[in-house]
Amino acid sequence: MKSAEIRDAYLKFFESKGHTIVPSSSLIPGNDPTLLFTNAGMVQFKDVFLGADKRPYTRAVSSQRCVRAGGKHNDLENVGYTARHHTFFEMLGNFSFGDYFKRDAILYAWEFLTSKDWLNIPGEKLWVTVYASDDEAYDIWQKEVGVPADRIIRIGDNKGAPYASDNFWAMGDTGPCGPCTEIFYDHGADIWGGPPGSPEEDGDRYIEIWNNVFMQFNRTPDGVLHNLPAPSVDTGMGLERISAVMQHVHSNYEIDLFQHLLAAAAEATGTQDTENKSLRVIADHIRSCAFLVSDGVTPSNEGRGYVLRRIIRRAIRHGNQLGQKKPFFHTLVKALAEVMGEAYPELVKNRAHIERVLLQEEEQFEKTLDKGMLVLEEALAKLQGKVIPGQVAFTLHDTYGFPLDLTNDIARERDLTIDNEGYEKAMDEQRNRARAAGAFKVDYTAAGLDFSATEFLGYNSLAETGKIIALLKGGA
Ligand code: ATP
Ligand code: MG
Ligand code: MG
Ligand code: MG
């Protein structure tokens, strides 16, 4: 099954169970300052769970575009290192707003995965986890579904605090949350990894495909859990992970959707080996970057714009490593629109704009990337031990526009680390110098603006310039 067919099958299955199909919302959460990006299907329904918003339906199903590159759920560092993590992915989800609860959620999930009419996955390949004290969910899996006890794992409060474990899902530090039950697929003994809850669970053998959350609580900023108006259900299954299962491949990067992107990235960077790690990173990053720009984010030095800038620059550096010194990243938008444009027409509509924004960032970083790499290589040649001095990382950031995580990415490839404390210290010293040199100036940092790398690169967007002018005039 192609990923597009799996997406359709999922929506149809839950539609046949009385769910209303709701389109994906933007990556920029509406009216939610607590959240950087939409990181799950439930985000657009947050207020419905809380009882603050009513919809004409009590059951919904969606395929939601998600980005996990900052905040509570951050997978940026995982990309290129695991078979299952992306910065951008699609989350298939079914939702009950005070309608069905544990039993139906579990029975639906099992039917969709294993029924001959739907995905027809052999039940023996599936493992499940439940929240440690959730006997109700345990019994449904064992007695009603018939999963043998040796493939049902209770995940406890392993971090000490009651609800800090992996089987208690939360969107962020505050908001809707609850215990969950997760379904894993065993990719086979020839792949390294152990079952969930074991020390080797982070390997690529047992891959988590679907999380079913029993939404019961709202966590307020004081950390207290309050009951939601009605017990509800929120689920999420990664489209790329279930596609890998259905296409009998063991890595998300081998599914249909990624093949086209990898081929385009190989061509754009003049690389033959499509299993190259840098190509995978580039193929991942073009999706998050293009969708973020399409949803209205532009590269900048603060907040969402800075996350976007960091992802773009990471991708450019990987291209550079493959020998491509000229702007190439923006050319991949075409391939992306080819594979995802049908499901997301806005990608086709906004293509020229996305290409322009990415190209501009490429041209800007091109001016300093090579010089920065030279500075880094010189420092590495002199390096004794395995820790890159904080001052080097700071200079790369301050003078050459290398976000810290980009330098970290390079360090990790070479089995080195960065002295983060030294980096912070250099950053503080620079702030103090700037303050001493211009006590009369406005402190942009205090206003949430960080221009620490802007001096010669001229990053300021029009919006930022507008904010500065307002600040200088004494306005907000
Ligand atoms: P993992 O433990 O593998 O990091 P998770 O527990 O953080 O996943 P959830 O928050 O439970 O993930 O999200 C629900 C589902 O979304 C997961 O079961 C998985 O199928 C998918 N998913 C989560 N993060 C990613 C990602 N970074 N890339 C692709 N799919 C993802
Ligand atoms: Mg995760
Ligand atoms: Mg998990
Ligand atoms: Mg999970």
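The values are calculated or read from the model by the stated rules, or taken from the named source; none is laboratory data. As the structure is a computational prediction, the values presented were derived from the model and not from experiment. Backbone-built Cβ (ideal geometry, glycine too); neighbour counts: all protein chains shown.
Among the residues making up segment 188-228, those that are without any contact (Cβ under 8 Å) to a residue 24 or more places away in the chain, in contact with a Phe, Trp or Tyr (Cβ under 8 Å, 6 or more places away or on another chain) and within 16 Å of ligand 2 (Cβ to nearest atom) are Gly193, Gly203. Pick from Phe88, Phe97: which is under 15 Å from the mean Cα position of the chain (by Cα) and more than 16 Å from ligand 4 (Cβ to nearest atom)? Just a single option satisfies the conditions, and that option is Phe88. Sub-6 Å Cβ pairs linking a first residue in segment 1-30 that is surrounded by fewer than 18 Cβ atoms within 10 Å (Cβ to Cβ) to a second residue that is part of a helix (DSSP H, G or I), at least 6 apart or interchain, are Met1/Met246; Lys2/Asp256; Ile21/Leu11; Ile21/Glu15; Ser25/Gln44, ordered by first then second residue. Please determine whether any residue of segment 413-434 is closer than 23 Å to Ser278 by Cα and among the acidic types (Asp, Glu). For segment 413-434, residues closer than 23 Å to Ser278 by Cα and among the acidic types (Asp, Glu): present.
Scanning segment 62-112 for residues that are in contact with a Cys (Cβ under 6 Å, 6 or more places away or on another chain) and under 21 Å from Ser278 (Cα atoms) yields one hit, Phe89.
For segment 64-87, the criterion of being within 24 Å of Asp134 (Cα to Cα) and in contact with a His (Cβ under 8 Å, 6 or more places away or on another chain) is satisfied by no residue at all.
Tally the residues that are under 30 Å from Asp222 (Cβ atoms) and among the hydrophobic types (A, V, I, L, M, F, W, C), restricting the search to segment 167-205. Let's see the steps before the verdict.
Residues of segment 167-205 that are under 30 Å from Asp222 (Cβ atoms), as a first pass: 167-182.
Checking the rest, the ones that are also among the hydrophobic types (A, V, I, L, M, F, W, C) come to 168-171, 177, 180.
Counting residues in segment 167-205 that are under 30 Å from Asp222 (Cβ atoms) and among the hydrophobic types (A, V, I, L, M, F, W, C) gives 6.
You will find that of Ile21, Ile121, the residue that is more than 16 Å from ligand 1 (Cβ to nearest atom), farther than 21 Å from Gly178 by Cβ and of a type in the set (A, V, I, L, M) is Ile21 and no other. The one condition from (1) under 27 Å from His86 (Cα atoms); (2) more than 27 Å from the chain's Cα centre (by Cα) that Glu201 does not meet is (2).
Applying the set (1) closer than 17 Å to His285 by Cα; (2) within 16 Å of ligand 2 (Cβ to nearest atom); (3) assigned to a loop (DSSP other than H, G, I, E, B) to Leu27 leaves exactly one unmet item: (2).
Condition check for Ile242 on (1) in contact (Cβ under 8 Å) with a residue 12 or more places away in the chain; (2) over 19 Å from His86 (Cβ atoms); (3) touching a Phe, Trp or Tyr at 6+ places or on another chain (Cβ under 8 Å); (4) not acidic (Asp, Glu): one failure, at (2).
Any chance you could count how many residues in segment 281-305 are charged (D, E, K, R) and either in contact with a Phe, Trp or Tyr (Cβ under 6 Å, 6 or more places away or on another chain) or outside any helix (DSSP H, G or I) (or both)? Count: 3.
Go through the residues of segment 61-76 one by one and say whether even a single one is more than 15 Å from ligand 2 (Cβ to nearest atom), charged (D, E, K, R) and at pLDDT 95 or above.
The first filter runs over segment 61-76 and keeps only residues more than 15 Å from ligand 2 (Cβ to nearest atom), leaving 61-65.
Add one more test, that the residue is charged (D, E, K, R), and what stays is 65.
If we keep only those that are at pLDDT 95 or above too, we end up with 65.
Yes, there is a match, as at least one residue in segment 61-76 is more than 15 Å from ligand 2 (Cβ to nearest atom), charged (D, E, K, R) and at pLDDT 95 or above.
Of the set (1) assigned to a loop (DSSP other than H, G, I, E, B); (2) away from ligand 3 (no atom under 16 Å from the Cβ), all apply to Arg84 but (2). Restricting attention to segment 45-74, the residues that are crowded, with 22+ Cβ neighbours inside 10 Å and near ligand 1 (Cβ under 8 Å from one of its atoms) add up to 2.
Yes or no: segment 329-352 includes at least one residue that is closer than 26 Å to Thr417 by Cα, touching a residue at least 60 places away in the same chain (Cβ under 8 Å) and crowded, with 18+ Cβ neighbours inside 10 Å. Give the derivation first.
First pass over segment 329-352, keeping only residues closer than 26 Å to Thr417 by Cα: none.
Scanning segment 329-352, I find no residue that is closer than 26 Å to Thr417 by Cα, touching a residue at least 60 places away in the same chain (Cβ under 8 Å) and crowded, with 18+ Cβ neighbours inside 10 Å, so the answer is no.
Can you tell which of Asn218, Asn212 is within 16 Å of ligand 4 (Cβ to nearest atom) and either at pLDDT below 95 or within 30 Å of Ser96 (Cβ to Cβ) (or both)?
On the way: Asn218 fails: within 16 Å of ligand 4 (Cβ to nearest atom).
Matching residue, one of Asn218, Asn212: Asn212.
Listed here are the helices (runs of 4 or more DSSP H) enclosed by segment 306-420 that have at least 1 residues being aliphatic (A, V, I, L, M), within 25 Å of Asp256 (Cα to Cα) and modelled with pLDDT of 95 or more: 332-340, 345-349, 351-382.
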